[in-house]
Amino acid sequence: MKKLMNTVAAAAMLLGTATMARAAENVEVLHWWTSGGEATALEVLKKDLESKGITWSDMPVSGGGGTEAMTVLRARVTAGNPPTAVQMLGFDITDWAKQGALGNLDEVAAKEKWDDVIPTALQKFSKYDGHWIAAPVNVHSTNWIWINKAALDKAGGKEPANWDELIALLDNFKAQGIIPIAHGGVPWEDATIFDAVVLSLGNDFYKSAFIDLDPAALGSDKMKEAFDRMTKLRTYVDDNFSGRDWNLASAMVIENKAGLQFMGDWAKGEFIKAGKVPGKDFVCMRFPGTQGSVTFNSDQFAMFKVSEAQLKPQLVMASAIESPTFQSAFNVVKGSAPARTDVPDTAFDDCGKKAIKDLAEANKAGTLFGSMAHGHANPAAVKNAIYDVVTREFNGDLTSEEAVKELVAAVAAAK
Ligand code: GAL
């Protein structure tokens, strides 16, 4: 009996050690990648880490753009229990760094020479006070259109080169009996369209309004024109657009129910997941009037301060994310461009190759801007203030004139 007890005790001890060892090699990851395309991309990261002996505790918080995820995160940190790594955008990373909540990746960043290969536009958010605090996974951009190729062909096959041609195409889609614009009416999606509409009225205008928050640009006639364009676009969405998830809007284009979607290139992940081929089933193009310019957002994994035991898996995860092979494999599936400048574009489809090329060219030309809608132009308070006005105007609660005035006031109050 005594022998049996000893064996049980020894087994329990062993099990305990094994559990501890496993726990030490675990990362808990909070993210909002819950759509089909996003989840498939995330699987690439999970598998990669598993192959390195790191297990993955998943903490998905659905809601594109990450608004809901950021609320859950705050609750976790307030409770003194932050996850190991958190998907995060731009200024949100800086905000957490300012609060002293983030860890330090300098050791791995120095060893792997991240300074030399990660674009400075991303480093602005991956570093705080000279220290690496986050590992960038990708670069997305928001000024894209995803068009159903069959519907475009029926309309003559020409990609719209300017605003008037875009409107003519939308009218044609209406005449074809399909929904011209597949849209999910939630604030971040309205704001994603607004990114492109404002950029289509000029690089300087986008910069003054959203990067510099210049009251003169925010309150200008041009801004009124931007809202007028939103009012016009609103006439091409279906009656059920309100509250629809972005990936369901992508599905409408994929299933020939709608003509096009204005969305960041994570939408491509949905098309690819559905087996669709760029150039054959769908067309990717920049929002008319924004060719040569890019509004970008980069998903990064911000690394929180963790216990000593958790440090190793955290660093392994950061290193795995920056590996050039992983960068290619992941971003091919996700629809984004790599977060390093030295990753070959060979494995990418035509839209991916275009994304990589556009980013490099815009960076060189000084026409690469942080996306307002996706937290790369301003801290959350300002972003949310803009969301609010854009959504109210889009839903007809404000006229363009009122929206301009409200925008100036809301930004001033939030700054
Ligand atoms: C963006 C994010 C993308 C994609 C999208 C929709 O903010 O950068 O990776 O996930 O939200 O969920």
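The values are calculated or read from the model by the stated rules, or taken from the named source; none is laboratory data. For clarity, every value in this text was computed on a predicted model and none was experimentally measured. When we count neighbours, we look across all protein chains shown, and the Cβ atoms used for this are built from the backbone with ideal geometry, even at glycine.
Before moving on, here are some points about what is shown:
- Number of the exception - ALA274 against (1) away from the ligand (no atom under 16 Å from the Cβ); (2) among the hydrophobic types (A, V, I, L, M, F, W, C); (3) buried (at least 24 other Cβ atoms within 10 Å of the Cβ): (3)
- Residue check for THR346: surrounded by fewer than 18 Cβ atoms within 10 Å (Cβ to Cβ) and part of a loop (DSSP other than H, G, I, E, B): yes
- Among the numbered conditions (1) part of a strand (DSSP E or B); (2) among the hydroxyl-bearing types (Ser, Thr, Tyr); (3) more than 16 Å from the ligand (Cβ to nearest atom), the only one that THR295 does not meet is (3).
- So ASP397, is it surrounded by fewer than 18 Cβ atoms within 10 Å (Cβ to Cβ), away from the ligand (no atom under 16 Å from the Cβ) and not assigned by TED's automatic domain parsing to the domain that holds GLY275: no
- Here no strands (runs of 3 or more DSSP E) wholly within the range 133-251 include at least 3 residues being out of contact with any Leu (no Cβ under 8 Å at 6 or more places or on another chain) and more than 30 Å from ALA413 (Cα to Cα).
- Some residue of the range 166-185 being more than 18 Å from the chain's Cα centre (by Cα), over 19 Å from ALA151 (Cβ atoms) and of a type in the set (Phe, Trp, Tyr): no
- Residue count for the range 30-76, restricted to those that are among the β-branched types (Val, Ile, Thr) and at pLDDT below 95: 1
- Some residue of the range 234-245 being touching a strand residue (DSSP E or B) at 6+ places or on another chain (Cβ under 8 Å) and under 28 Å from VAL44 (Cα atoms): yes
- Which numbered condition GLY259 fails, given (1) without any contact (Cβ under 8 Å) to a residue 24 or more places away in the chain; (2) surrounded by 18 or more Cβ atoms within 10 Å (Cβ to Cβ): (1)
- Scanning the range 270-290 for residues that are in contact with a Cys (Cβ under 6 Å, 6 or more places away or on another chain) and free of Cβ contacts under 8 Å to residues at least 40 places away in the same chain yields no hits at all.
- Unique residue being buried (at least 20 other Cβ atoms within 10 Å of the Cβ), of a type outside the set (Phe, Trp, Tyr) and in the same structural domain as ILE93 (by TED's automatic domain parsing) when the list is LYS334, LYS305, LYS354, LYS312: LYS334
- Yes/no for THR231 being more than 16 Å from the ligand (Cβ to nearest atom) and free of Cβ contacts under 8 Å to residues at least 24 places away in the same chain: no
- All positions within the range 117-142 that are closer than 16 Å to MET303 by Cβ and within 16 Å of the ligand (Cβ to nearest atom): LEU122, PHE125, SER126, ALA134, ALA135, PRO136, VAL137
- Check on THR391, part of a loop (DSSP other than H, G, I, E, B) and of a type in the set (Ser, Thr, Tyr): no
- Any chance ASP350 is touching a Gly at 6+ places or on another chain (Cβ under 8 Å) and either touching a residue at least 24 places away in the same chain (Cβ under 8 Å) or away from the ligand (no atom under 16 Å from the Cβ) (or both): yes
- With respect to (1) in contact with a strand residue (DSSP E or B) (Cβ under 9 Å, 6 or more places away or on another chain); (2) under 22 Å from ASP345 (Cβ atoms); (3) surrounded by fewer than 23 Cβ atoms within 10 Å (Cβ to Cβ), the lone exception for ASP116 is condition (1).
- Test: residue in the range 367-377 that is outside any helix (DSSP H, G or I), in contact with a helix residue (DSSP H, G or I) (Cβ under 8 Å, 6 or more places away or on another chain), among the polar types (S, T, N, Q) and away from the ligand (no atom under 16 Å from the Cβ): yes
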